[in-house]
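The values are calculated or read from the model by the stated rules, or taken from the named source; none is laboratory data. Computed from a predicted structure; not experimentally measured. All Cβ positions, glycine included, derive from the backbone under ideal geometry; neighbour counts span all protein chains shown.
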Amino acid sequence: MSDNALETEFSDLLFYIKDKLIIGLTGGIGSGKTAASDHFMKLGVDIVDADVIAREIVKPNSKTLSKVAEQFGADILLENGELNRAKLRERIFTNDDDKQALNSIMQPAIRYALLEQLNKARSEYVILSAPLLFENGLEKYCQRVLVVDVPVETQLQRASSRDTVSSNHIQSIIDSQIDRTTRLSKADDVIDNSADLTHLYKQVTQLHNKYLTLAVG
Ligand code: ATP
């Protein structure tokens, strides 16, 4: 489905979010988006997380999971009915048509659930957290974009020790994401997360106060 057709289909949902202050939160793998959004949540802000939604919409017996199984064959499911993520990753890694087919199932479903959750949010402003905010064109729903930034070496070190995977693997994910300079050039606000967590929380609190003021305005 084209982007325009999607927007038409979602026009009701779009109408209701137009008066909300939505802050897009993004950053490369391991930059600290979750650490930052957890702190915004502690301050009472509703978080809509595109990664969480992407997992939720393919729960066993969901409409989206059955579309995926229809496209990729029933053996893309595990015996317990859950999606075999490793197998699906392998398929889309080695085949561009499969990747496109998956995207055309997943992206509209993610977009719909995301807009629904933005609608339900009741805090003064809402954070829309998405690692691929720019890559998937989600910044158009946001009034401002906040980028969590760290040097690539820090991404490699933090993400590989969190996930116990090789830094080569993390590097290949970094290479598939928008580059640091381009991401920063699109930011309205930037959190420098190269220091410790106390430093991160302090910046989150300062931005929270700024966003509250903007929301009232
Ligand atoms: P992903 O894109 O993979 O979801 P993310 O951007 O959400 O990653 P986090 O999971 O928040 O990143 O952080 C990556 C790792 O680095 C985590 O283990 C987190 O606890 C740690 N971390 C985040 N910020 C800091 C910091 N300022 N100092 C030390 N460790 C940090």
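How many residues are in contact (Cβ under 8 Å) with a residue 24 or more places away in the chain and either of a type outside the set (Lys, Arg) or closer than 30 Å to Val126 by Cα (or both) when one looks only at segment 64-104? Counting residues in segment 64-104 that are in contact (Cβ under 8 Å) with a residue 24 or more places away in the chain and either of a type outside the set (Lys, Arg) or closer than 30 Å to Val126 by Cα (or both) gives 9. Among the residues making up segment 167-190, those that are among the hydroxyl-bearing types (Ser, Thr, Tyr) and within 15 Å of the ligand (Cβ to nearest atom) are Ser167, Ser172, Ser176. The set of residues from segment 127-166 being in a loop (DSSP other than H, G, I, E, B), hydroxyl-bearing (Ser, Thr, Tyr) and within 14 Å of the ligand (Cβ to nearest atom) comprises just one member, Thr164.
One residue stands out among those in segment 169-192 that are touching a Ser or Thr at 6+ places or on another chain (Cβ under 8 Å) and over 24 Å from Lys210 (Cβ atoms): the one that is surrounded by the fewest Cβ atoms within 10 Å (Cβ to Cβ), which is His169. Scanning for something touching a Leu at 6+ places or on another chain (Cβ under 6 Å) and of a type outside the set (A, V, I, L, M, F, W, C), does segment 169-188 turn up at least one residue? No, every residue in segment 169-188 fails to be touching a Leu at 6+ places or on another chain (Cβ under 6 Å) and of a type outside the set (A, V, I, L, M, F, W, C).
Selection of first residues in segment 105-126 that are closer than 26 Å to Thr213 by Cβ and in a helix (DSSP H, G or I) and of second residues that are modelled with pLDDT of 95 or more and among the β-branched types (Val, Ile, Thr), restricted to Cβ pairs under 8 Å at least 6 apart or on distinct chains, gives the following pairs, ordered by first then second residue: Leu114/Val48; Leu114/Ile53; Gln117/Val48; Gln117/Ile53; Leu118/Ile22; Leu118/Val48; Leu118/Val126.
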